[in-house]
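Notes follow once the structure below has been shown.
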Amino acid sequence: MRGVVMHAPGDVRVQEREDPTIVHPTDAVIRLAATCVCGSDLWPYRGIDAVDGPAPMGHEYAGVVEEVGGAVTSVRPGQFVVGSFFASDNTCEICRAGYQSSCVHRESLGALGAQAERLRVPLADGTLVATPGMPDDTMVPSLLAASDVLGTGWFGAVAAQAGPGRTVAVVGDGAVGLMAVLAAKRLGAERIIAMSRHESRQQLAIEYGATDIVTERGDEGVARVLEATDGLGAHSVIEAVGTQESMTQAIGATRPGGHVGHVGVSHDVSLDGRRLFFSHVHLHGGPAPVRRYLPELIDLIWNGRIDPGRVFDLTLPLDRAPEAYRAMDERRAVKALLRV
Ligand SMILES: [Zn+2]
């Protein structure tokens, strides 16, 4: 089969890879309908994370089950399914508490490489959620978004306790930040401040429910949020970047007693303990337990209540994945979908 492999920073290739097969009786093999490039794929692409190459790439997927192992009971061949970037049993104590991305049996789908024609999904019963029927092509991007960016933005909004009566600020205008805006709106937030300097992203944020746009960053960005909230700060702030600047901005923009939901993968962030102590903010985040939200998100998409698929502003065939990486690296695209 064809699949994306990263050989070195800036060097991704679409090449022949071995076809996945059932290895454990709890596995499923799916044929992907679509996959995509994640903002986190850019860390190794830019040489910030080491490339342990040649490495198969991709961890976002939606598609049709082709084959299941003997122990799989909840999905069957022919069903359209969505899963998260961590496989989870969905039965251990951590999973049952809603933290499937820290499942005691978790396995990374990233290591298996979802930017490919087919994918082996471990722990299929716990990981995959079937849609009510076969989606038409126009719904596939939204279902694919549920696999990571929507679920991650949603967790950020929940972790930040976005809800009725709350002012929510979102740091980061990448796909996860935009999905966090959608989630905050859906969770009933009264006011949503999107922090973005890019006009096309601001526009999408407004369409997804942002009420205010702040273009400044750092201390100035914090000052704008304080001005907009009677000097108090937002109740809920979603951090969707993962840098020192964005995390500092998120904590600074949160009012005492407020909540930060941090879902940007942390890169060299260190927090000043004394500042944190006196800030009085709650911090919660980490790799999103997307699996917790999948049934609800699939239902919202299936019934046309949300349209997260619009976050994909570039669609290319799998064979043109290198172009998709370049476009995202150069910030010409928010998120690139790869048709398989
Ligand atoms: Zn578990």
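Computed from the coordinates by the stated procedures, all read-outs in this text should not be read as laboratory data. Note that the coordinates shown come from a computational prediction; the quantities given were computed from them, not determined experimentally. As a convention, Cβ positions derive from the backbone with ideal geometry for all residues, glycine included, and neighbour counts pool all protein chains shown.
Structure values in brief
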{"read-out": "Cα convex hull volume per residue for region 153-285 (Å³)", "value": "82"}
{"read-out": "Neighbour net charge for Arg2 - beta-carbon separation under 13 angstrom, K R +1, D E -1", "value": "+1"}
{"read-out": "Beta bridge orientation in region 153-285: antiparallel %, DSSP, nearest 5", "value": "5"}
{"read-out": "Highest-MSF residue in the chain out of Ala223, Ala183, Ala159 [GNM, Cα springs under 10 Å]", "value": "Ala223"}
{"read-out": "Helix-only [θ]222 nm of the chain, DSSP H runs n ≥ 4, -39500 (n - 2.57) each, per residue, nearest 500", "value": "-8000 deg cm²/dmol"}
{"read-out": "Choice from Leu178, Leu271, Leu123 with maximal GNM fluctuation in the chain (Cα, 10 Å cutoff)", "value": "Leu271"}
{"read-out": "Nearest 10 degrees, 0 to 90: helix 199-208 Cα axis against the chain principal axis", "value": "80"}
{"read-out": "Low-density loop positions, GluC sites (Glu not before Pro), region 1-103 - DSSP coil, at most 10 other Cβ in 10 Å", "value": "Glu18"}
{"read-out": "Excluding exposed DSSP-loop trypsin sites (Lys or Arg not before Pro) (at most 13 other C-beta within 10 Å), longest clean stretch of the chain", "value": "47-196"}
{"read-out": "Percent antiparallel among DSSP beta bridges (both partners in the chain, rounded to 5)", "value": "55"}
{"read-out": "Compactness of the chain - radius of gyration and Dmax, Cα, Å", "value": "19.4, 60"}
